[in-house]
Ligand SMILES: O=C(O)/C=C/C(=O)CC(=O)C(=O)O
Ligand SMILES: [Mg+2]
């Protein structure tokens, strides 16, 4: 068996655990209350898409939104991880998009149903190259940005997160055992907006990484 390399974690078939409403300005723009504990949902590994392949608009949505997020790649698994030890479980980071069918999410919310079709469809998790932990010494203070067709739509600092990365790792691992290769999406700052077929998305983490994706309609 060939050894697996964490720098290609998206090929491992591990969990993608997403945190919602973790930035007050984004919670407000969608008219949601500020959460008192993390809001969690999941994407399957089939949601991953890498640069060079397009983000596909599912045929059932008329309002696909971008959400730029810092992803945390788990390097050492665990259950009930104390906050003080949480960063020892981090192998590195990735820049991620949490693509969201907002109209479907709104309908699910109004009917009290899960967000699965709004959040977990194929290509709903565009992901950058793996970023080793040492390249982001202070993940609680990095700038995320996203442009659509060269126009800046999102720009926010991870310092605005309501729940810190150590808190999230500890909280999640109380309910869901974390495994090597899992990815945690830590939520999006304000500025989410709709994308259309043929749009070009560019996103980055200050001087650390950039990535580009084209949007296509699913046949
Ligand atoms: O509750 C809503 O209206 C929307 C919530 C989200 O989509 C949450 C996120 O994915 C996020 O904040 O990043
Ligand atoms: Mg999100």
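Name every residue in the range 160-219 that is on the phi > 0 side of the Ramachandran plot, in contact with a helix residue (DSSP H, G or I) (Cβ under 9 Å, 6 or more places away or on another chain) and either outside any loop (DSSP other than H, G, I, E, B) or at pLDDT below 95 (or both), in order of residue number. Scanning the range 160-219 gives no hits. Here the range 113-146 is the region considered, the condition is being more than 16 Å from the chain's Cα centre (by Cα), more than 16 Å from ligand 2 (Cβ to nearest atom) and not in a helix (DSSP H, G or I), and the residue that is farthest from residue 61 (Cα to Cα) is 137. Condition check for residue 70 on (1) over 22 Å from residue 161 (Cβ atoms); (2) touching a strand residue (DSSP E or B) at 6+ places or on another chain (Cβ under 9 Å); (3) outside any helix (DSSP H, G or I): one failure, at (1).
Which of the numbered conditions does residue 91 fail, given that it passes all the others? Conditions: (1) touching a helix residue (DSSP H, G or I) at 6+ places or on another chain (Cβ under 7 Å); (2) within 22 Å of residue 214 (Cα to Cα). Here residue 91 clears every test but (2).
Pairs linking a residue in the range 94-122 that is farther than 30 Å from residue 6 by Cα to a residue that is away from ligand 1 (no atom under 11 Å from the Cβ), with Cβ atoms under 6 Å and 6 or more positions apart or on different chains, are 102/63; 103/61; 103/62; 103/63; 104/61; 104/117. Could you please give the count of residues in the range 16-30 that are surrounded by fewer than 16 Cβ atoms within 10 Å (Cβ to Cβ) and either closer than 16 Å to residue 119 by Cα or within 10 Å of ligand 1 (Cβ to nearest atom) (or both)? Total meeting the criteria: 2.
Which one of the conditions (1) touching a strand residue (DSSP E or B) at 6+ places or on another chain (Cβ under 9 Å); (2) touching a residue at least 24 places away in the same chain (Cβ under 8 Å); (3) away from ligand 1 (no atom under 15 Å from the Cβ) does residue 82 fail to meet, given that it meets all the rest? It fails just one condition, (1).
Within the range 73-102, track down each residue that is assigned to a loop (DSSP other than H, G, I, E, B) and over 14 Å from residue 186 (Cα atoms).
If we filter the range 73-102 for residues that are assigned to a loop (DSSP other than H, G, I, E, B), which is where we start, we get 75-77, 79-82, 98-99.
Passing the criteria: 75, 76, 77, 79, 80, 81, 82.
The values are calculated or read from the model by the stated rules, or taken from the named source; none is laboratory data. Quick caveat: nothing in here was measured; it's all calculated off a predicted structure. Reconstructed Cβ throughout: ideal geometry from the backbone, glycine too, with neighbour counts over all protein chains shown.
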